[in-house]
Amino acid sequence: MTRCYHCGQEIPEEQLRCGVRLSLLKTRLFDIIQRAGRDGIHGDDLYEIFLKERGAKLNVLKTHIHQINERLESTDYRIEVMRNGRGTGIYRLKKRQVLPHAVGERVIHPTVRNLANLKNET
C-alpha cells in the first residue's frame, strides 16, 4: 500500500491513478476516459454514463475533469478535450510532450552580443 508523501496516511491502490490519489468518483471518471483509448469518448456519452443518473449538470463534468487535471499536474498525463464548435467535445487521456526548452530554467547561452553586453554592464 502506498502512503501519502505529506501526512503518511495509507492510500488504497484502487484510488491511485498515474501515481496520484483520486476520489472514488474521479477514479471512475478517469477509468472511463482511459478505457476509451485513442478514440476518446464524447462528452455527451460521458455525461450519460457518469453524471446523468446523479441529476448533475454538464458543468459538473467539466469541473471534475479540471480537478483531475490539477491532480495530474505532476505527472506525464492529462485529460484533453478536442472540441468541434460549441459541443462538449471528445475527452482523451494524453501523455504530455515535454519540450526541451520547457524544462528547468531558461538558459541564455553566451553569444558575441551577450558577452559584449555583459562586459559593458560590469
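Side notes on the structure shown:
Conditions tested, residue by residue: (1) at pLDDT 85 or above; (2) in a strand (DSSP E or B); (3) surrounded by 15 or more Cβ atoms within 10 Å (Cβ to Cβ).
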{"site": "Y5", "(1), (2), (3)": "no, no, no"}
{"site": "L29", "(1), (2), (3)": "yes, no, yes"}
{"site": "E48", "(1), (2), (3)": "yes, no, no"}
{"site": "E53", "(1), (2), (3)": "no, no, no"}
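- Some residue of region 14-26 being touching an Asp or Glu at 6+ places or on another chain (Cβ under 9 Å), closer than 22 Å to R96 by Cα, in a loop (DSSP other than H, G, I, E, B) and modelled with pLDDT of 90 or more: no
To keep it simple, each residue is scored yes or no on (1) closer than 30 Å to E10 by Cα; (2) in contact (Cβ under 8 Å) with a residue 24 or more places away in the chain; (3) hydrophobic (A, V, I, L, M, F, W, C).
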site: R28; (1), (2), (3): yes, no, no
site: I33; (1), (2), (3): yes, yes, yes
site: R38; (1), (2), (3): no, yes, no
site: H42; (1), (2), (3): no, yes, no
site: L46; (1), (2), (3): no, yes, yes
site: R54; (1), (2), (3): yes, no, no
site: V60; (1), (2), (3): yes, no, yes
site: N69; (1), (2), (3): yes, no, no
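- Taken over region 31-46, the criterion of being part of a helix (DSSP H, G or I) and in contact with a Leu (Cβ under 9 Å, 6 or more places away or on another chain) is satisfied by I32, I33, Q34, A36, G37, G43, D44, L46.
- Restricting attention to region 55-93, the residues being surrounded by 10 or more Cβ atoms within 10 Å (Cβ to Cβ), of a type outside the set (A, V, I, L, M) and part of a loop (DSSP other than H, G, I, E, B) number 7.
The values are calculated or read from the model by the stated rules, or taken from the named source; none is laboratory data. This structure is a prediction, so every number in the text was calculated from the model and none was measured. Because the Cβ atoms are built from the backbone with ideal geometry, glycine has one as well, and the counts that use them run over all protein chains shown.
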